[in-house]
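The values are calculated or read from the model by the stated rules, or taken from the named source; none is laboratory data. All of these numbers come straight from a predicted model, not from anything done at the bench. Positions of Cβ are generated from backbone atoms using ideal geometry, with glycine treated the same way; all protein chains shown enter the neighbour counts. Side chains are part of the model used for accessible areas, which takes the heavy atoms of the whole protein and leaves out ligands, DNA and RNA. Shrake-Rupley method; radii C 1.70, N 1.55, O 1.52, S 1.80 Å.
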Amino acid sequence: MTVEEFARRCGGTTDDGAQEIEGFATDDRHVKKGDLFICIKGENVDGHDFADSALKKGAVACLCERKTSGTHILVKNIVEALAKFAKTERDEFHGPVVAVTGSTGKTTTKEMIAAALSPLGPVLKSEGNRNTEYTSPLVWADLTPEHKAVVVEMGMRGFGQIAHLASFAKPTIGVVTHIGTAHIEKVGSREGIVQAKSELLKALPKDGTAVLLREDDYFEDLKSNAKCNVRTFGFEQSADCRVLGYRALSWERCAVRGTIDGETFDLELPTTGRHQALNAACAVLVADTAGVKAKDAAKALADVTFPPMRLQVVPFRGATIVLDTYNASPDSTIAALKTLTEIPSKGRRLAILGEMKELGDFTESGHRLVGQALMDCPLDLVFLTGGPTSYIGDEARMAGFPAEKIVEQQEYDLSEVVRFLDGVRPGDTVLIKGSRALGLERALEALHT
(Lines give C-alpha, C1' and ligand atoms only; values in the text may rest on other atoms or scores of the structure.)
Protein backbone atom coordinates (compact mmCIF):
# COMPACT_ATOMS: atom_id res chain seq x y z
CA MET A 1 0.00 0.00 0.00
CA THR A 2 1.03 3.61 -0.36
CA VAL A 3 2.23 5.86 2.43
CA GLU A 4 -0.99 7.85 2.02
CA GLU A 5 -3.21 4.78 2.46
CA PHE A 6 -1.26 3.63 5.52
CA ALA A 7 -1.64 7.13 6.98
CA ARG A 8 -5.39 7.01 6.38
CA ARG A 9 -5.76 3.58 7.96
CA CYS A 10 -3.73 4.49 11.05
CA GLY A 11 -5.32 7.91 11.53
CA GLY A 12 -2.18 9.90 10.74
CA THR A 13 -1.27 12.73 8.40
CA THR A 14 1.45 12.75 5.77
CA ASP A 15 3.15 15.35 3.63
CA ASP A 16 3.92 13.07 0.66
CA GLY A 17 2.03 9.81 0.34
CA ALA A 18 2.58 8.55 -3.18
CA GLN A 19 5.37 6.05 -2.53
CA GLU A 20 4.69 2.35 -2.01
CA ILE A 21 5.49 0.69 1.34
CA GLU A 22 7.27 -2.63 0.78
CA GLY A 23 8.12 -3.52 4.37
CA PHE A 24 8.64 -2.23 7.89
CA ALA A 25 11.60 -1.61 10.18
CA THR A 26 11.89 -0.64 13.84
CA ASP A 27 15.70 -0.43 13.85
CA ASP A 28 17.51 1.88 11.42
CA ARG A 29 20.32 -0.67 11.14
CA HIS A 30 17.91 -3.11 9.49
CA VAL A 31 16.18 -0.71 7.09
CA LYS A 32 15.74 -1.92 3.52
CA LYS A 33 14.73 0.10 0.50
CA GLY A 34 10.96 0.66 0.52
CA ASP A 35 10.50 0.22 4.29
CA LEU A 36 8.36 2.35 6.55
CA PHE A 37 10.56 3.19 9.55
CA ILE A 38 8.70 3.16 12.87
CA CYS A 39 10.17 5.66 15.33
CA ILE A 40 9.82 3.80 18.63
CA LYS A 41 10.69 5.76 21.74
CA GLY A 42 12.19 3.38 24.31
CA GLU A 43 13.68 3.81 27.75
CA ASN A 44 17.19 4.45 26.43
CA VAL A 45 16.83 5.09 22.70
CA ASP A 46 14.42 7.29 20.75
CA GLY A 47 13.78 6.10 17.20
CA HIS A 48 12.99 9.66 16.11
CA ASP A 49 16.70 10.42 16.43
CA PHE A 50 17.42 7.87 13.69
CA ALA A 51 14.80 9.03 11.17
CA ASP A 52 17.37 10.71 8.92
CA SER A 53 19.54 7.59 8.94
CA ALA A 54 16.56 5.40 8.00
CA LEU A 55 15.58 7.66 5.10
CA LYS A 56 19.14 7.70 3.78
CA LYS A 57 19.11 3.89 3.77
CA GLY A 58 16.00 3.80 1.60
CA ALA A 59 12.99 4.10 3.92
CA VAL A 60 10.06 5.67 2.05
CA ALA A 61 8.77 7.41 5.19
CA CYS A 62 8.86 7.45 8.98
CA LEU A 63 5.94 6.80 11.33
CA CYS A 64 6.47 9.30 14.12
CA GLU A 65 4.93 11.17 17.05
CA ARG A 66 6.79 14.39 16.28
CA LYS A 67 7.74 15.87 12.94
CA THR A 68 10.94 14.60 11.37
CA SER A 69 12.76 15.75 8.28
CA GLY A 70 11.76 14.02 5.07
CA THR A 71 8.56 12.12 4.34
CA HIS A 72 6.72 11.07 7.47
CA ILE A 73 3.36 10.00 8.87
CA LEU A 74 2.56 11.98 11.99
CA VAL A 75 0.40 10.38 14.69
CA LYS A 76 -0.37 11.19 18.32
CA ASN A 77 0.54 7.72 19.59
CA ILE A 78 2.36 5.08 17.55
CA VAL A 79 0.99 2.08 19.49
CA GLU A 80 -2.60 3.28 19.05
CA ALA A 81 -1.98 4.15 15.39
CA LEU A 82 -0.61 0.69 14.60
CA ALA A 83 -3.56 -0.93 16.37
CA LYS A 84 -5.98 1.21 14.35
CA PHE A 85 -4.24 0.21 11.13
CA ALA A 86 -4.42 -3.49 12.01
CA LYS A 87 -8.09 -3.21 12.97
CA THR A 88 -9.03 -1.77 9.57
CA GLU A 89 -7.34 -4.73 7.89
CA ARG A 90 -8.80 -7.29 10.32
CA ASP A 91 -12.33 -6.01 9.79
CA GLU A 92 -12.06 -6.92 6.11
CA PHE A 93 -11.24 -10.57 6.88
CA HIS A 94 -13.96 -13.13 7.59
CA GLY A 95 -12.09 -16.41 8.06
CA PRO A 96 -10.83 -18.01 11.29
CA VAL A 97 -8.30 -16.00 13.27
CA VAL A 98 -6.22 -18.04 15.74
CA ALA A 99 -4.30 -16.31 18.53
CA VAL A 100 -1.60 -18.27 20.39
CA THR A 101 -0.13 -17.41 23.76
CA GLY A 102 1.42 -19.33 26.66
CA SER A 103 4.57 -19.51 28.76
CA THR A 104 6.36 -21.87 26.38
CA GLY A 105 5.92 -23.20 22.87
CA LYS A 106 4.11 -20.20 21.35
CA THR A 107 6.15 -19.88 18.18
CA THR A 108 6.48 -23.62 17.56
CA THR A 109 2.75 -24.18 18.14
CA LYS A 110 1.92 -21.22 15.89
CA GLU A 111 3.95 -22.80 13.09
CA MET A 112 2.22 -26.15 13.58
CA ILE A 113 -1.24 -24.57 13.61
CA ALA A 114 -0.51 -22.68 10.40
CA ALA A 115 0.61 -25.93 8.76
CA ALA A 116 -2.42 -27.86 10.05
CA LEU A 117 -4.75 -25.17 8.67
CA SER A 118 -3.09 -25.18 5.23
CA PRO A 119 -5.65 -27.59 3.68
CA LEU A 120 -8.05 -24.64 3.83
CA GLY A 121 -5.77 -22.64 1.53
CA PRO A 122 -3.13 -19.91 2.10
CA VAL A 123 -2.59 -19.07 5.78
CA LEU A 124 -1.26 -15.72 7.01
CA LYS A 125 0.89 -16.09 10.11
CA SER A 126 3.16 -14.01 12.31
CA GLU A 127 6.67 -14.28 10.92
CA GLY A 128 9.33 -15.07 13.51
CA ASN A 129 7.93 -13.91 16.82
CA ARG A 130 6.10 -10.74 15.78
CA ASN A 131 4.10 -10.65 18.98
CA THR A 132 4.47 -7.18 20.49
CA GLU A 133 2.37 -4.03 20.31
CA TYR A 134 4.74 -2.73 17.62
CA THR A 135 5.21 -5.84 15.49
CA SER A 136 1.94 -7.77 15.82
CA PRO A 137 -0.16 -5.14 14.00
CA LEU A 138 2.20 -5.30 11.02
CA VAL A 139 1.24 -8.93 10.35
CA TRP A 140 -2.02 -7.60 8.92
CA ALA A 141 -0.20 -5.58 6.28
CA ASP A 142 0.44 -8.89 4.45
CA LEU A 143 -3.24 -9.89 4.32
CA THR A 144 -4.53 -10.68 0.82
CA PRO A 145 -7.94 -11.80 -0.51
CA GLU A 146 -6.44 -15.28 -1.02
CA HIS A 147 -5.80 -15.92 2.68
CA LYS A 148 -8.24 -18.38 4.27
CA ALA A 149 -7.00 -18.23 7.88
CA VAL A 150 -4.76 -16.10 10.08
CA VAL A 151 -2.54 -17.28 12.96
CA VAL A 152 -0.97 -14.72 15.27
CA GLU A 153 1.32 -15.06 18.26
CA MET A 154 0.72 -12.94 21.36
CA GLY A 155 3.55 -12.15 23.75
CA MET A 156 3.13 -10.97 27.32
CA ARG A 157 5.34 -8.37 28.99
CA GLY A 158 2.82 -7.34 31.62
CA PHE A 159 -0.87 -6.99 32.33
CA GLY A 160 -2.96 -5.48 29.55
CA GLN A 161 -0.66 -6.34 26.67
CA ILE A 162 -2.56 -9.39 25.42
CA ALA A 163 -5.85 -7.52 25.84
CA HIS A 164 -4.41 -4.80 23.59
CA LEU A 165 -3.24 -7.30 20.94
CA ALA A 166 -6.61 -9.05 21.01
CA SER A 167 -8.46 -5.74 20.61
CA PHE A 168 -7.42 -5.48 16.97
CA ALA A 169 -6.75 -9.16 16.10
CA LYS A 170 -10.25 -10.13 17.27
CA PRO A 171 -9.43 -13.86 17.42
CA THR A 172 -12.13 -16.46 16.92
CA ILE A 173 -9.97 -19.26 18.36
CA GLY A 174 -7.69 -18.65 21.34
CA VAL A 175 -4.89 -21.03 22.35
CA VAL A 176 -3.05 -21.08 25.69
CA THR A 177 -0.23 -23.58 25.30
CA HIS A 178 0.84 -23.82 28.93
CA ILE A 179 1.05 -21.83 32.16
CA GLY A 180 4.67 -22.02 33.26
CA THR A 181 7.18 -19.54 34.63
CA ALA A 182 8.61 -17.73 31.59
CA HIS A 183 8.55 -13.92 32.08
CA ILE A 184 7.15 -14.41 35.57
CA GLU A 185 8.97 -11.31 36.81
CA LYS A 186 6.57 -9.20 34.73
CA VAL A 187 3.50 -10.27 36.69
CA GLY A 188 4.90 -11.63 39.97
CA SER A 189 3.51 -15.19 40.11
CA ARG A 190 2.07 -18.05 38.09
CA GLU A 191 -1.36 -16.82 39.17
CA GLY A 192 -0.41 -13.50 37.60
CA ILE A 193 0.53 -15.32 34.40
CA VAL A 194 -2.91 -16.97 34.40
CA GLN A 195 -4.51 -13.56 34.75
CA ALA A 196 -2.44 -12.09 31.92
CA LYS A 197 -2.94 -15.03 29.54
CA SER A 198 -6.66 -15.09 30.33
CA GLU A 199 -6.96 -11.70 28.66
CA LEU A 200 -6.99 -13.66 25.40
CA LEU A 201 -9.75 -15.98 26.60
CA LYS A 202 -11.88 -13.07 27.77
CA ALA A 203 -11.54 -11.46 24.35
CA LEU A 204 -13.01 -14.45 22.49
CA PRO A 205 -16.57 -14.08 21.16
CA LYS A 206 -19.35 -16.25 22.56
CA ASP A 207 -19.30 -18.34 19.39
CA GLY A 208 -15.53 -18.66 19.53
CA THR A 209 -13.41 -21.51 20.91
CA ALA A 210 -10.76 -21.63 23.63
CA VAL A 211 -8.13 -24.37 23.22
CA LEU A 212 -6.39 -25.42 26.45
CA LEU A 213 -3.95 -28.05 27.72
CA ARG A 214 -6.01 -30.50 29.77
CA GLU A 215 -3.12 -31.28 32.15
CA ASP A 216 -2.31 -27.66 32.86
CA ASP A 217 -2.02 -26.94 36.59
CA TYR A 218 -4.34 -23.97 36.07
CA PHE A 219 -6.79 -25.57 33.66
CA GLU A 220 -9.88 -24.85 35.75
CA ASP A 221 -8.85 -21.22 36.27
CA LEU A 222 -8.29 -20.74 32.56
CA LYS A 223 -11.53 -22.46 31.65
CA SER A 224 -13.50 -20.21 34.02
CA ASN A 225 -12.28 -17.16 32.11
CA ALA A 226 -13.54 -18.42 28.75
CA LYS A 227 -17.17 -17.52 28.09
CA CYS A 228 -17.28 -19.67 24.98
CA ASN A 229 -16.76 -23.28 23.91
CA VAL A 230 -13.65 -24.89 25.45
CA ARG A 231 -11.78 -27.76 23.77
CA THR A 232 -8.74 -29.52 25.21
CA PHE A 233 -5.62 -31.38 24.12
CA GLY A 234 -3.22 -33.54 26.13
CA PHE A 235 -2.24 -37.04 27.19
CA GLU A 236 -5.21 -37.37 29.54
CA GLN A 237 -8.10 -39.59 28.52
CA SER A 238 -10.58 -36.74 28.96
CA ALA A 239 -8.80 -34.50 26.41
CA ASP A 240 -10.77 -33.78 23.24
CA CYS A 241 -7.62 -34.34 21.19
CA ARG A 242 -5.59 -36.97 23.00
CA VAL A 243 -2.02 -38.10 22.37
CA LEU A 244 -2.12 -41.90 22.39
CA GLY A 245 1.56 -42.49 21.67
CA TYR A 246 4.86 -40.77 21.01
CA ARG A 247 8.09 -42.20 19.65
CA ALA A 248 11.35 -40.38 18.99
CA LEU A 249 12.78 -41.50 15.65
CA SER A 250 15.86 -39.25 15.76
CA TRP A 251 16.79 -35.75 16.82
CA GLU A 252 15.04 -34.51 13.71
CA ARG A 253 11.88 -36.63 13.59
CA CYS A 254 9.27 -38.18 15.86
CA ALA A 255 6.08 -40.14 15.38
CA VAL A 256 2.82 -39.27 17.13
CA ARG A 257 -0.50 -41.09 17.32
CA GLY A 258 -3.60 -39.30 18.52
CA THR A 259 -7.36 -39.40 18.53
CA ILE A 260 -10.08 -36.80 18.18
CA ASP A 261 -13.83 -37.43 18.22
CA GLY A 262 -13.21 -41.17 17.90
CA GLU A 263 -10.95 -40.78 14.87
CA THR A 264 -7.34 -41.94 15.16
CA PHE A 265 -4.60 -40.13 13.30
CA ASP A 266 -0.86 -40.69 12.85
CA LEU A 267 1.72 -38.09 12.00
CA GLU A 268 5.44 -37.47 11.80
CA LEU A 269 7.07 -34.20 12.83
CA PRO A 270 10.43 -32.79 11.70
CA THR A 271 11.39 -32.33 15.36
CA THR A 272 11.28 -34.38 18.54
CA GLY A 273 10.17 -34.29 22.18
CA ARG A 274 7.03 -35.22 24.08
CA HIS A 275 6.18 -31.55 24.39
CA GLN A 276 6.15 -31.38 20.59
CA ALA A 277 3.58 -34.18 20.52
CA LEU A 278 1.34 -31.96 22.66
CA ASN A 279 1.93 -29.01 20.32
CA ALA A 280 0.93 -31.20 17.38
CA ALA A 281 -2.24 -32.34 19.16
CA CYS A 282 -3.09 -28.71 19.79
CA ALA A 283 -2.61 -27.92 16.10
CA VAL A 284 -4.83 -30.79 14.99
CA LEU A 285 -7.51 -29.68 17.45
CA VAL A 286 -7.41 -26.09 16.19
CA ALA A 287 -7.60 -27.30 12.58
CA ASP A 288 -10.55 -29.54 13.43
CA THR A 289 -12.29 -26.57 15.05
CA ALA A 290 -11.74 -24.59 11.84
CA GLY A 291 -13.18 -27.36 9.65
CA VAL A 292 -10.08 -29.32 8.59
CA LYS A 293 -10.25 -33.11 8.83
CA ALA A 294 -7.85 -34.50 11.43
CA LYS A 295 -6.06 -36.77 8.95
CA ASP A 296 -5.55 -33.88 6.53
CA ALA A 297 -4.16 -31.70 9.31
CA ALA A 298 -1.87 -34.52 10.47
CA LYS A 299 -0.55 -35.03 6.94
CA ALA A 300 0.16 -31.30 6.57
CA LEU A 301 2.23 -31.28 9.77
CA ALA A 302 4.91 -33.43 8.13
CA ASP A 303 6.07 -30.36 6.19
CA VAL A 304 6.07 -27.81 9.02
CA THR A 305 9.23 -25.73 9.38
CA PHE A 306 10.55 -24.06 12.54
CA PRO A 307 12.68 -21.00 13.23
CA PRO A 308 16.34 -21.67 14.19
CA MET A 309 17.70 -22.34 17.70
CA ARG A 310 14.77 -24.47 18.80
CA LEU A 311 16.15 -28.01 19.22
CA GLN A 312 18.19 -27.26 16.09
CA VAL A 313 20.58 -30.09 15.23
CA VAL A 314 24.07 -28.96 14.20
CA PRO A 315 26.78 -31.52 13.23
CA PHE A 316 30.09 -30.74 14.90
CA ARG A 317 33.32 -32.76 14.60
CA GLY A 318 31.42 -36.05 14.46
CA ALA A 319 29.23 -35.07 17.44
CA THR A 320 25.63 -33.89 17.51
CA ILE A 321 24.97 -30.43 18.93
CA VAL A 322 21.37 -29.63 19.83
CA LEU A 323 20.99 -25.86 19.88
CA ASP A 324 18.02 -24.69 21.95
CA THR A 325 19.04 -21.15 22.80
CA TYR A 326 16.15 -19.06 21.55
CA ASN A 327 15.09 -18.74 25.17
CA ALA A 328 14.91 -20.73 28.39
CA SER A 329 12.56 -21.27 31.30
CA PRO A 330 12.39 -24.10 33.85
CA ASP A 331 9.65 -25.80 31.82
CA SER A 332 11.43 -25.63 28.46
CA THR A 333 14.79 -26.59 29.97
CA ILE A 334 13.37 -29.67 31.68
CA ALA A 335 11.58 -30.66 28.46
CA ALA A 336 14.84 -30.34 26.51
CA LEU A 337 16.74 -32.41 29.10
CA LYS A 338 14.13 -35.17 28.94
CA THR A 339 14.37 -35.19 25.17
CA LEU A 340 18.17 -35.45 25.42
CA THR A 341 17.80 -38.69 27.39
CA GLU A 342 15.26 -40.20 24.96
CA ILE A 343 17.36 -40.10 21.80
CA PRO A 344 20.05 -42.78 21.35
CA SER A 345 23.61 -41.46 21.49
CA LYS A 346 26.73 -43.27 20.30
CA GLY A 347 28.86 -41.39 22.81
CA ARG A 348 28.32 -39.29 25.91
CA ARG A 349 25.28 -37.16 26.68
CA LEU A 350 26.35 -33.66 27.73
CA ALA A 351 24.40 -30.53 28.61
CA ILE A 352 25.51 -26.90 28.66
CA LEU A 353 22.97 -25.01 30.74
CA GLY A 354 22.97 -21.22 30.99
CA GLU A 355 21.11 -18.91 33.30
CA MET A 356 17.33 -18.57 32.91
CA LYS A 357 16.47 -14.88 33.03
CA GLU A 358 13.24 -12.95 33.71
CA LEU A 359 12.22 -15.21 36.60
CA GLY A 360 12.18 -12.48 39.26
CA ASP A 361 11.43 -13.85 42.73
CA PHE A 362 11.17 -17.30 41.13
CA THR A 363 14.85 -17.28 40.12
CA GLU A 364 16.14 -19.61 42.85
CA SER A 365 13.21 -22.02 42.92
CA GLY A 366 13.04 -22.12 39.11
CA HIS A 367 16.69 -23.10 38.78
CA ARG A 368 16.28 -25.64 41.59
CA LEU A 369 13.46 -27.30 39.64
CA VAL A 370 15.94 -27.96 36.86
CA GLY A 371 18.40 -29.36 39.40
CA GLN A 372 15.76 -31.79 40.65
CA ALA A 373 14.98 -32.86 37.09
CA LEU A 374 18.64 -33.74 36.45
CA MET A 375 18.26 -36.66 38.84
CA ASP A 376 15.99 -38.32 36.27
CA CYS A 377 18.37 -37.61 33.39
CA PRO A 378 21.28 -40.07 32.94
CA LEU A 379 23.77 -37.49 31.66
CA ASP A 380 27.54 -37.93 31.56
CA LEU A 381 28.45 -34.30 32.19
CA VAL A 382 26.64 -31.02 32.87
CA PHE A 383 28.28 -27.61 32.39
CA LEU A 384 26.54 -24.80 34.32
CA THR A 385 27.30 -21.18 33.49
CA GLY A 386 26.03 -17.99 35.14
CA GLY A 387 25.32 -17.09 38.78
CA PRO A 388 21.82 -18.57 39.34
CA THR A 389 22.83 -21.89 37.79
CA SER A 390 24.60 -22.61 41.10
CA TYR A 391 21.11 -23.43 42.40
CA ILE A 392 20.84 -26.11 39.70
CA GLY A 393 24.11 -27.65 40.91
CA ASP A 394 23.13 -27.46 44.59
CA GLU A 395 19.75 -29.06 44.04
CA ALA A 396 21.09 -31.74 41.72
CA ARG A 397 23.75 -32.82 44.24
CA MET A 398 21.21 -32.88 47.09
CA ALA A 399 18.94 -35.05 44.94
CA GLY A 400 21.81 -37.50 44.40
CA PHE A 401 23.16 -36.46 41.01
CA PRO A 402 26.90 -37.29 41.00
CA ALA A 403 28.94 -34.21 41.91
CA GLU A 404 31.79 -35.27 39.62
CA LYS A 405 29.46 -34.92 36.64
CA ILE A 406 28.85 -31.22 37.29
CA VAL A 407 31.16 -28.46 36.05
CA GLU A 408 30.25 -24.99 37.32
CA GLN A 409 31.21 -21.53 36.09
CA GLN A 410 29.98 -18.91 38.56
CA GLU A 411 30.31 -15.90 36.24
CA TYR A 412 29.19 -16.31 32.66
CA ASP A 413 32.17 -16.27 30.32
CA LEU A 414 31.63 -17.32 26.72
CA SER A 415 35.28 -18.27 26.29
CA GLU A 416 34.86 -20.94 28.99
CA VAL A 417 31.83 -22.31 27.16
CA VAL A 418 33.94 -22.46 24.01
CA ARG A 419 36.67 -24.32 25.91
CA PHE A 420 34.19 -26.89 27.24
CA LEU A 421 32.63 -27.37 23.82
CA ASP A 422 36.07 -27.81 22.30
CA GLY A 423 36.41 -31.01 24.37
CA VAL A 424 33.45 -32.71 22.73
CA ARG A 425 34.26 -36.11 21.21
CA PRO A 426 32.89 -37.80 18.06
CA GLY A 427 29.63 -39.58 18.86
CA ASP A 428 28.73 -37.25 21.75
CA THR A 429 25.35 -35.53 21.93
CA VAL A 430 25.39 -32.05 23.47
CA LEU A 431 22.39 -29.94 24.46
CA ILE A 432 23.05 -26.19 24.62
CA LYS A 433 20.24 -24.43 26.48
CA GLY A 434 20.04 -20.93 27.96
CA SER A 435 18.28 -17.59 27.81
CA ARG A 436 18.47 -15.60 24.57
CA ALA A 437 20.43 -12.80 26.23
CA LEU A 438 23.42 -15.11 26.81
CA GLY A 439 23.95 -15.87 23.13
CA LEU A 440 25.29 -19.35 23.89
CA GLU A 441 25.17 -20.24 20.20
CA ARG A 442 28.17 -17.93 19.71
CA ALA A 443 30.37 -20.55 21.38
CA LEU A 444 29.64 -22.92 18.52
CA GLU A 445 30.14 -20.14 15.98
CA ALA A 446 33.55 -19.39 17.51
CA LEU A 447 34.69 -22.98 16.95
CA HIS A 448 33.40 -22.98 13.38
CA THR A 449 35.51 -19.95 12.42
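An ellipsoid equivalent to the stretch 10-169, defined through the eigenvalues of its Cα gyration tensor, has semi-axes of 28, 17, 14 Å when rounded to whole angstrom and sorted largest first.
3J(HN,Hα) along the stretch 385-400: 9, x, x, x, 5, 4, 5, 4, x, 4, 5, 4, 5, 5, 7, x Hz, from the Karplus curve 6.51 cos²θ - 1.76 cosθ + 1.60 with θ = phi - 60°, whole Hz, x for Gly and Pro. For the stretch 84-153, would you read off the P(r) tail past 15 Å as a percentage of all alpha carbon pairs? Result: 49 percent of Cα pairs exceed 15 Å. Compute the distance from the alpha-carbon center of the stretch 44-100 to that of the stretch 284-339, in whole Å. That distance is 32 Å.
Shape descriptor for the stretch 1-75: Rg over Rh equals 0.93 (Cα atoms; Rh from the Kirkwood inverse mean 1/r). Each residue of the stretch 191-267 gets 121 Å³ once the volume of the Cα convex hull is shared out per residue.
Counting only DSSP beta bridges with both residues in the chain, what percent are antiparallel, rounded to the nearest 5? The antiparallel proportion sits near 30 percent.
A 1.4 Å probe over all protein chains sorts Leu278, Leu337 by accessible area into Leu278, Leu337, starting with the largest. Counting only heavy atoms of the protein chains and using a 1.4 Å probe, Leu165 has close to 0 Å² of accessible surface. Expressed as a whole percent, the accessible area of the stretch 296-338 that falls on carbon and sulfur atoms is 55 (1.4 Å probe). Taking amide H as placed 1.01 Å from N in the peptide plane, the amide H of Cys241 sits under 5 Å from that of Thr232, Phe233, Gly234, each at least 5 places away or on another chain. Using only the Cα atoms of the stretch 358-428, build the gyration tensor, take square roots of its eigenvalues as a ≥ b ≥ c, and label the shape rounded, prolate or oblate: rounded if a/c is under 1.5, else prolate if a/b is larger than b/c, else oblate. Oblate, because a/c is 1.5 or more while a/b does not exceed b/c. Of Met154, Met375, Met1, the residue with the largest accessible area leads and the full order is Met375, Met1, Met154 (1.4 Å probe). Only protein heavy atoms count here; on that basis, with a 1.4 Å probe, Glu127 has an accessible area of about 110 Å². Accessible surface computed residue by residue for the chain, with neighbouring protein chains in place and a 1.4 Å probe, gives 42 Å² per residue. Could you give each residue of the stretch 106-120 its phi-based ³J(HN,Hα) in whole Hz, using Karplus coefficients 6.51, -1.76, 1.60 with θ = phi - 60°, and x for Gly or Pro? Along the stretch 106-120, the couplings run 4, 5, 4, 5, 4, 5, 5, 4, 4, 5, 5, 7, 4, x, 6 Hz.
Shown are Phe168, Phe306, whose ranking by accessible area with a 1.4 Å probe and every protein chain present, most to least, is Phe306, Phe168. Once the whole set of protein chains is in place, how much accessible area is left on Lys41, using a 1.4 Å probe, in Å² to the nearest 10? Its heavy atoms expose roughly 130 Å² to the probe. Computed 3J(HN,Hα) for the stretch 349-364, one whole-Hz value per residue from the Karplus formula 6.51 cos²θ - 1.76 cosθ + 1.60 where θ = phi - 60°, is 10, 10, 9, 9, 10, x, 4, 9, 8, 6, 9, x, 5, 8, 4, 5, glycine and proline marked x. Normalising by residue count, the chain has a Cα convex hull of 146 Å³ per residue.
Whole-percent P(r), the stretch 282-386, all Cα pairs, 10 Å bins from 0: 12, 35, 28, 20, 5. Cβ screening of the chain for cysteine pairs under 4.7 Å finds these without a partner: Cys10, Cys62, Cys228, Cys241, Cys254, Cys282, Cys377.
Probe radius 1.4 Å, ligands and nucleic acids ignored: give me the carbon and sulfur share of the accessible area of the stretch 10-62 as a rounded percent. The C+S portion of the solvent-accessible surface of the stretch 10-62 is 45 percent. For the set Lys186/Lys227; Lys202/Lys293; Lys293/Lys338; Lys84/Lys206; Lys76/Lys227, the pairs lying more than 30 angstrom apart at their alpha carbons are Lys293/Lys338; Lys76/Lys227. Counting only DSSP beta bridges with both residues in the stretch 159-277, the antiparallel share comes to about 60 percent. For the stretch 57-113, the spherically averaged projection of the C-alpha convex hull amounts to 6.7 nm². Among beta bridges identified by DSSP and lying wholly in the stretch 1-136, the antiparallel ones come to about 30 percent. In terms of overall dimensions, the stretch 148-207 has a Cα radius of gyration and Dmax of 11.6, 39 angstrom.
With the simple model of a label 7 Å out from the Cα in the direction of the Cβ, Asp16 to Cys228 spans 4.5 nm.
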